[in-house]
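Below is one structure, written out as structure tokens, with a few remarks after it.
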Amino acid sequence: MSKPRRPLIAGNWKMNNGGQDGIDLARAIAAECRGANAIEVVVAPPASLLHRVAEMIEKVAPGRVGISAQNLHSEPNGAFTGELSASMLLDAGCQWVIIGHSERRQYFGETDESVRAKTVAAMKAGLLPIVCIGETLAERDAGRTLEVVYRQLDAFSSVINEKPGTAVIAYEPVWAIGTGKVATTEQAQEVHAAIRKRLEGVSRELSRGTRILYGGSVKADNAAGLFGQADIDGALVGGASLKLDSFMGIVSAARQVA
Ligand code: PGA
């Protein structure tokens, strides 16, 4: 089976692998991605390492592994201590940026409004957004999954429709992140299909061209089942992206369906 959209596997290192371990991992991933790439591979190291990871990938396998930041500020510059703008991230070697991860929403007060503003800033600067959405366990148990996901999606869908197919959406049920509780393939596909249908209301091109990644306890052994689903175009991987073998196991599973 081949996928209509090029599968994408993104590794979100979060606040891990911040030293030589991160550089070594980037070198090893790049070496594994030197050949023809039916799928797209992206790594998101901590901000402090972006530049060095970009240099390493450029040395080992230029253009074969994308580099993503984990966050950005929506303003281009100014008095925002500790923050980084889209142009600074481009300068550090990024092509991508993760926006609205549930940890950012939960611990750093990000809202649908800030996610929209950050998506606008990224698109304007030419940084490709990976925008995260997903319900909590309480919301799922209350039968509110789609209501929540639609609200989060509607906040930025018109923004990404300006260049349909360039931005990526990551559906990550919050209850499946870092818990080992992966959504069943059916649960994931159901929400992915609903997201794609919702995008159809914005534009056909957006609905057809947008890659929707699944995230939440993706591992090599559950990846194939997820990637076999019609509307799952890859994965945003946390824990399993921190080591070469577990990450490449997921990449291999995506290569099987590409
Ligand atoms: P996990 O994290 O794979 O460790 O569940 C996913 C994510 O937070 O993007």
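Bear in mind these aren't lab numbers, they're just calculated from the coordinates by the rules spelled out. If you're wondering where the values come from, they're calculated on a predicted model, not measured in any experiment. With ideal geometry, Cβ positions are generated from the backbone for all residues, glycine too; neighbour counts draw on all protein chains shown.
Being touching a helix residue (DSSP H, G or I) at 6+ places or on another chain (Cβ under 9 Å) and within 14 Å of the ligand (Cβ to nearest atom) is the filter here, so list the residues in the stretch 237-250 that pass it. The answer is Val237, Gly239, Ala240, Ser241, Leu242, Lys243, Ser246, Phe247, Gly249, Ile250.
Return the residues of the stretch 159-216 that are closer than 20 Å to Glu40 by Cα and part of a loop (DSSP other than H, G, I, E, B); say none if nothing qualifies. Reasoning before the result, please.
Here is the first cut: in the stretch 159-216, the ones closer than 20 Å to Glu40 by Cα are 160, 163-172, 192, 206-216.
Once the filter is applied, which keeps residues that are closer than 20 Å to Glu40 by Cα and part of a loop (DSSP other than H, G, I, E, B), the stretch 159-216 yields Lys163, Pro164, Gly165, Thr166, Ala167, Glu172, Thr210, Gly216.
Does Gln229 fit the bill of being within 13 Å of Ile39 (Cβ to Cβ), away from the ligand (no atom under 16 Å from the Cβ) and either more than 13 Å from the chain's Cα centre (by Cα) or assigned to a loop (DSSP other than H, G, I, E, B) (or both)? So that I can check it myself, show each step before the final result.
Numbers: within 13 Å of Ile39 (Cβ to Cβ): no; away from the ligand (no atom under 16 Å from the Cβ): yes; either more than 13 Å from the chain's Cα centre (by Cα) or assigned to a loop (DSSP other than H, G, I, E, B) (or both): yes.
For Gln229, the condition - within 13 Å of Ile39 (Cβ to Cβ), away from the ligand (no atom under 16 Å from the Cβ) and either more than 13 Å from the chain's Cα centre (by Cα) or assigned to a loop (DSSP other than H, G, I, E, B) (or both) - is not met.
Checked against (1) more than 20 Å from Val148 (Cα to Cα); (2) crowded, with 20+ Cβ neighbours inside 10 Å, Ala125 meets all criteria but (2). Suppose we keep only residues that are in contact with a strand residue (DSSP E or B) (Cβ under 8 Å, 6 or more places away or on another chain) and in a helix (DSSP H, G or I) within the stretch 106-147. Which one would you say is farthest from the ligand (Cβ to nearest atom)? The qualifying residue farthest from the ligand (Cβ to nearest atom) is Met123. Residue check: Val42 meets all listed conditions (1) surrounded by 19 or more Cβ atoms within 10 Å (Cβ to Cβ); (2) in a loop (DSSP other than H, G, I, E, B) but one, namely (2).
Yes/no matrix, rows are residues, columns are (1) away from the ligand (no atom under 15 Å from the Cβ); (2) within 15 Å of the chain's Cα centre (by Cα):
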position: Ser158; (1), (2): yes, no
position: Lys163; (1), (2): yes, no
position: Ala170; (1), (2): no, yes
position: Trp175; (1), (2): no, no
position: Gly180; (1), (2): no, no
position: Ser217; (1), (2): no, yes
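Taking first residues from the stretch 232-243 that are under 15 Å from Gln70 (Cβ atoms) and partners that are in a strand (DSSP E or B) and within 6 Å of the ligand (Cβ to nearest atom), the Cβ contacts under 8 Å between residues at least 6 apart in sequence or on separate chains come to Leu236/Asn12; Leu236/Gly215; Val237/Asn12; Val237/Gly215; Gly238/Asn12; Gly238/Gly215; Ser241/Asn12.
Restricting attention to the stretch 2-23, which residues are assigned to a helix (DSSP H, G or I) and in contact with a Pro (Cβ under 6 Å, 6 or more places away or on another chain)? Break it down stepwise before answering.
Taking the stretch 2-23 first, the residues assigned to a helix (DSSP H, G or I) are 20-23.
Within the stretch 2-23, just Gly22 meets the criteria.
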